[in-house]
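Working notes, structure below.
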Amino acid sequence: MQQKDVVIGIDGGGTHTRVIAADIQGNILAYAIKGSASIYRESSVQMNVQSAIRDVMSSGGIEADRIAGIAAGIAGYDSPEDLEWITPLTAVPGLACPRWHVNDALIAHYGAHLARPGIIAIAGTGSILIAINEEGRYLRNYDFHHYAASAARLLGYEAVFEVLAGHTGSSDERLVARMLAHWEVQSLDELYSQASGGFDADRKARDRCFGRFAPAVTEEAALGSAASIRVCDRAIRQMKTGIELLGAAFKQDHVPVAFIGSVACSSYFQARLQEELEIATNKQYSVVQPQLPPAAGAILYALEQAGLPVTDGIIHRLQPSGLLLRQALEQSSFTASPFHP
């Protein structure tokens, strides 16, 4: 009988699906990047996730009966009812191994803190704050019905609203120019006409367009645009409140916090949120770098669920995964590669 010596970890985000195949010693065998895994973002999510799984199996030379399990963190998994659309994502024909599905924020936490106590603040395609305290209790800001409006698309919307409402000055000239170029119009009157008509009638397409403008907002905030600063600071204050809500669940005075996502990891958000956390009153928060990317966190989760040990050696061997996935994303959003150390 073939030894089950491989696990697959999936980070199914709103923009990209990142997949790693590793053996049970933590050696990376293959990795792949495909499109979104969130049904709220695209309609082709099942094809995206299944093709990523097949690609790592093919490029890594992995036979189905070697796989001990698949752990998939999926954006948009917020209630048991979501399993109706999530479970089929990983149901690759001929693959009969155990499959564990969780919210993508949980595997991000596993990667960032190596399943140890701490908080992660995610702001990118989506926004969520997650804590695991000393007792192993898992908490989200959503559990309090709290939401930090820091997702990329929301920054884009808020920046456009600020500009079209006339809340601009000389510091915002570059922001306005980038906004006009992004929406391919020549004047604010033309942009206002688009806006008053609701922009694109397709909500998913509209949200993607606004999300793609978020880097301009965070970059201009760092360069002194007053409108961009107002937009970003509103989101940062909400993130701080959510972090403090979750921090109250910890007994220890010092709580580590990791930032994840394109918005949270922008230079402006990192600097300002760290400043805000330094003056928090309920805990002492220390900002730490994530130890592993979410897809590697899914590998740790899969090993744990399969009853296999997670050692320092395994964590060390998974360390290159972050760089590999970044390089793959820069080369192409739809790639699969074997790993050759």
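The values are calculated or read from the model by the stated rules, or taken from the named source; none is laboratory data. Worth saying up front: this structure is predicted, and the values here are computed from it rather than measured. Cβ sites come from the backbone with ideal geometry, for glycine too, and all protein chains shown count toward neighbours. Surface areas here come from the heavy atoms of the whole protein model, side chains and all, with no ligands, DNA or RNA. Shrake-Rupley method; radii C 1.70, N 1.55, O 1.52, S 1.80 Å.
Taking a temperature of 37 °C and a viscosity of 0.692 mPa s, what whole-number D in µm²/s does Stokes-Einstein yield for the range 261-320 with Rh from Kirkwood over alpha carbon pairs? Reported coefficient: 234 µm²/s.
Sorted on the mean count of surrounding Cβ atoms within 10 Å across their residues, most packed first, peptides 72-78, 50-56, 233-239 read 72-78, 50-56, 233-239.
Using a cutoff of 8 angstrom between alpha carbon atoms and counting only pairs six or more residues apart, the relative contact order for the range 164-236 works out to 40 percent. Taking every Cα-Cα distance in the range 193-341 and sorting them into 10 Å bins from zero, the calculated P(r) comes out as 9, 25, 31, 25, 9, 1 percent.
For the chain, the mean residue ellipticity at 222 nm estimated from helices alone is -13000 deg cm²/dmol, where every DSSP H run of n ≥ 4 contributes -39500 (n - 2.57) and the total is divided by all residues, rounded to the nearest 500. Near Ala306, once Lys and Arg are set to +1 and Asp and Glu to -1 for all other residues with Cβ below 15 Å from its Cβ, the sum equals -1.
Restricting attention to the range 1-160, close to 65% of DSSP beta bridges with both partner residues there are antiparallel. Taking all protein chains as shown and a probe of 1.4 angstrom, Val92 keeps an accessible surface of around 10 Å². Amide hydrogen proximity for Gly35: with H placed 1.01 Å from N in the peptide plane, the residues at 5 or more positions away or on another chain lying under 5 Å are Thr17. How high is the FRET efficiency from His316 to Ala205, r the C-beta distance, R0 30 Å, rounded to 0.05? Efficiency, rounded to the nearest 0.05: 0.10. Highest-first packing order for the peptide set 300-308, 214-222 is 214-222, 300-308, based on the mean count of other beta carbon atoms within 10 Å. Across the options Gly197, Gly118, Ser171, the greatest Cα extent toward the positive end of the charge dipole of the chain (unit charges at beta carbon of Lys, Arg, Asp, Glu) belongs to Gly118. Within the listed set Phe269, Phe213, Phe199, the residue fluctuating most in the Gaussian network model of the chain (springs between alpha-carbon atoms under 10 angstrom) is Phe199. A crude spin-label estimate for the pair Phe144 and Gln289, with each label 7 Å from Cα along the Cβ direction, gives 3.0 nm. For Cα extents along the principal axes in Å, the value computed from the atomic coordinates appears in the list (1) 64, 41, 39; (2) 70, 45, 39; (3) 70, 52, 36 under label (2).
What does the accessible area per residue of the chain come to in Å², with a 1.4 Å probe and no ligands, DNA or RNA counted? Let's see the in-between values first.
Working: 14920 Å² over 341 residues.
Here the per-residue accessible area is 44 Å².
With θ taken as phi - 60° and the Karplus curve 6.51 cos²θ - 1.76 cosθ + 1.60 applied, the whole-hertz 3J(HN,Hα) list for the range 277-288 is 5, 5, 10, 5, 9, 8, 8, 9, 9, 10, 7, 10 Hz, x standing for glycine and proline.
Modelled spin-label separation between Ala64 and Glu84, with each label point placed 7 Å from Cα along the Cα-to-Cβ direction: 2.8 nm.
At a threshold of 8 angstrom on Cα-Cα distance, excluding pairs fewer than six apart, so keeping six or more, what relative contact order does the chain reach in percent? Walk me through the numbers before you get to the answer.
Numbers: 700 pairs, mean separation 86.2, N = 341.
The value is 25 percent.
With +1 assigned to the C-beta of every Lys and Arg and -1 to the C-beta of every Asp and Glu, and no other charges, what is the dipole magnitude of the chain about the Cα centre in debye, to the nearest 20?
On the way: 27 positive and 36 negative charges, 66 e Å.
That gives a dipole near 320 debye.
Compared with the dominant principal axis of the Cα atoms in the chain, helix 173-182 is inclined by about 60°. Using only the alpha carbon atoms of the range 1-58, find the Kirkwood hydrodynamic radius as the inverse mean reciprocal pair distance, in angstroms to one decimal. Mean inverse Cα-Cα distance, inverted, gives 11.7 Å.
How large a share of the accessible area of the range 13-62, in percent, is made up of carbon and sulfur atoms when the probe is 1.4 Å and the other protein chains stay in place?
Details: 800 of 1630 Å².
Here carbon and sulfur together make up 49 percent of the probe-accessible area.
Give me the aspartates and glutamates in straight-line cross-link reach of Lys240: C-alpha distance below 13 Å, same-chain residues under 8 apart excluded. List returned: Glu275, Glu276, Glu278.
Determine the sum of side-chain charges near Ala280: Lys and Arg each +1, Asp and Glu each -1, restricted to other residues whose C-beta is under 15 angstrom from that of Ala280. Walk me through the numbers before you get to the answer.
Numbers: positive: Arg237, Lys240, Arg272, Lys283; negative: Glu244, Asp253, Glu275, Glu276, Glu278.
Here the charged neighbours net out to -1.
Between helix 152-164 and the chain there is an angle of about 10 degrees, using the helix long axis and the longest principal axis of the Cα atoms.
In summary, the aspartates and glutamates within cross-link reach of Lys251, defined as a Cα separation below 18 angstrom excluding same-chain residues under 8 places away, comprise Glu134, Glu135. Derived scalar couplings between HN and Hα for the range 189-194 equal 4, 5, 5, 4, 5, 4 Hz in order, rounded to whole Hz, by the Karplus curve 6.51 cos²θ - 1.76 cosθ + 1.60 (θ = phi - 60°), x for Gly and Pro. Of all lysines in the structure, the ones whose alpha carbon falls short of 30 Å from that of Lys34, not counting any fewer than 8 places away in one chain, are Lys4, Lys204. For the chain, take the longest principal axis of its alpha carbons; what is the angle in degrees between that and the long axis of helix 294-305, to the nearest 10 within 0 to 90? For 294-305 against the chain, the angle is about 40 degrees. For the pair Arg234 and His182, label points projected 7 Å from Cα toward Cβ lie 1.5 nm apart.
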